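To keep things clear, I will list the structure first and then write my remarks on it.
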Amino acid sequence: MICKQEVTWENTGKKGGLKVSKKKVTSIGLIVEDNSDFDSFKTIIRRILNKDNLSFKKAIGNGCGKLKRKASSYASTLSQRGCEMVILVHDLDRNNLASLETELKKLMEDSPAPYNFVCIPIEEIEGWFLSDTLTIKEAFNLLNEPRLSGNPELIKSPKEKLAEIIYLGSNKSKRYLNTKHNLILSEKVRIEEMKSKCPSFRLFCDFLLQYEYK
């Protein structure tokens, strides 16, 4: 998390009484790889915060290479467009978590937005979805609930694993397409399941829930 302490002073009406209040968030900027990620994260954030009217603006990298090269300018532009909070999303894939996190946080150091966060789903957002096999069954009308044990963040290539589960669980009648189906899962996946099973998602929630929103 990268947070610039931009505050206002509020009179408490008590002796000696001024308190620090954080700036309320009215708009969130998302730096993501594609429009599917933007729609999914916008939906998940609204559900975490229970704020259907929260405004979002986007910067699309169209691939991790361009996303990294332009992350700093994207963050500045989003701030200029009125975003008090800017979130950079980058899948872990097969990268080293500590190295990737350090690299991405450095890219966001000069962001003028008051509140900034680097979100790294492990390995991908599909790893978060795999935490809730009951919702996967219901969303795709599968014959049975998929059986997955252990930490879903340890599953290699979760996108491919999710596709396999849906294909086989539907008697090979349905094909998973992330650009189409991730929004459906984002609308239905149980937030508490992702929080309890995915540490990277829990960090994301903890960041979001510490601020006030209009």
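The values are calculated or read from the model by the stated rules, or taken from the named source; none is laboratory data. All values derive from a computational prediction rather than experimental measurement. Reconstructed Cβ throughout: ideal geometry from the backbone, glycine too, with neighbour counts over all protein chains shown.
Restricting the search to the stretch 131-152, which residues are buried (at least 20 other Cβ atoms within 10 Å of the Cβ) and either among the hydroxyl-bearing types (Ser, Thr, Tyr) or in contact with a Leu (Cβ under 6 Å, 6 or more places away or on another chain) (or both)?
Selection gives SER131, PRO152.
Among the numbered criteria (1) surrounded by fewer than 14 Cβ atoms within 10 Å (Cβ to Cβ); (2) among the hydrophobic types (A, V, I, L, M, F, W, C); (3) under 20 Å from the mean Cα position of the chain (by Cα), which single criterion is violated by LEU162?
The failed condition is (1).
In the stretch 137-152, is there at least one residue being in a strand (DSSP E or B) and at pLDDT 95 or above?
Here is the first cut: in the stretch 137-152, the residues in a strand (DSSP E or B) are none.
No, the conditions are met nowhere in the stretch 137-152.
Confirm whether GLU187 is at pLDDT 95 or above, surrounded by fewer than 17 Cβ atoms within 10 Å (Cβ to Cβ) and either in the same structural domain as THR77 (by TED's automatic domain parsing) or within 15 Å of the chain's Cα centre (by Cα) (or both). Write out each step before concluding.
Working: at pLDDT 95 or above: yes; surrounded by fewer than 17 Cβ atoms within 10 Å (Cβ to Cβ): yes; either in the same structural domain as THR77 (by TED's automatic domain parsing) or within 15 Å of the chain's Cα centre (by Cα) (or both): yes.
Yes, satisfied.
Name the pairs: first residue in the stretch 110-124 and in the same structural domain as ILE31 (by TED's automatic domain parsing), second residue part of a strand (DSSP E or B) and modelled with pLDDT under 95, Cβ to Cβ under 6 Å, at least 6 apart or on different chains?
TYR115/CYS3; ASN116/ILE2
Given the criteria at pLDDT below 95 and out of contact with any strand residue (DSSP E or B) (no Cβ under 6 Å at 6 or more places or on another chain), does ASP39 qualify? Let's see the steps before the verdict.
Details: at pLDDT below 95: no; out of contact with any strand residue (DSSP E or B) (no Cβ under 6 Å at 6 or more places or on another chain): yes.
Judged against the criteria, ASP39 is not a match.
Condition check: in contact with a His (Cβ under 8 Å, 6 or more places away or on another chain) and not acidic (Asp, Glu). Does CYS64 satisfy that?
yes
Right, LYS66: at pLDDT below 95 and at negative phi or not?
So LYS66 fits the description; yes.
Which numbered condition in (1) at pLDDT below 95; (2) within 28 Å of ARG190 (Cα to Cα) is the only one that ILE122 fails?
ILE122 satisfies all of (1) at pLDDT below 95; (2) within 28 Å of ARG190 (Cα to Cα) except (1).
Please tell me if LYS57 is more than 21 Å from LEU162 (Cα to Cα) and under 18 Å from the mean Cα position of the chain (by Cα). Can you show your working first?
Details: more than 21 Å from LEU162 (Cα to Cα): yes; under 18 Å from the mean Cα position of the chain (by Cα): yes.
Yes.
For the stretch 202-214, give me each residue that is touching a strand residue (DSSP E or B) at 6+ places or on another chain (Cβ under 9 Å) and either under 13 Å from PHE117 (Cα atoms) or surrounded by fewer than 16 Cβ atoms within 10 Å (Cβ to Cβ) (or both).
LEU203, PHE204, PHE207, LEU208, GLN210, TYR211, GLU212, LYS214
Which of the numbered conditions does MET108 fail, given that it passes all the others? Conditions: (1) touching a Leu at 6+ places or on another chain (Cβ under 9 Å); (2) surrounded by fewer than 17 Cβ atoms within 10 Å (Cβ to Cβ).
In the conditions (1) touching a Leu at 6+ places or on another chain (Cβ under 9 Å); (2) surrounded by fewer than 17 Cβ atoms within 10 Å (Cβ to Cβ), MET108 misses (2) alone.
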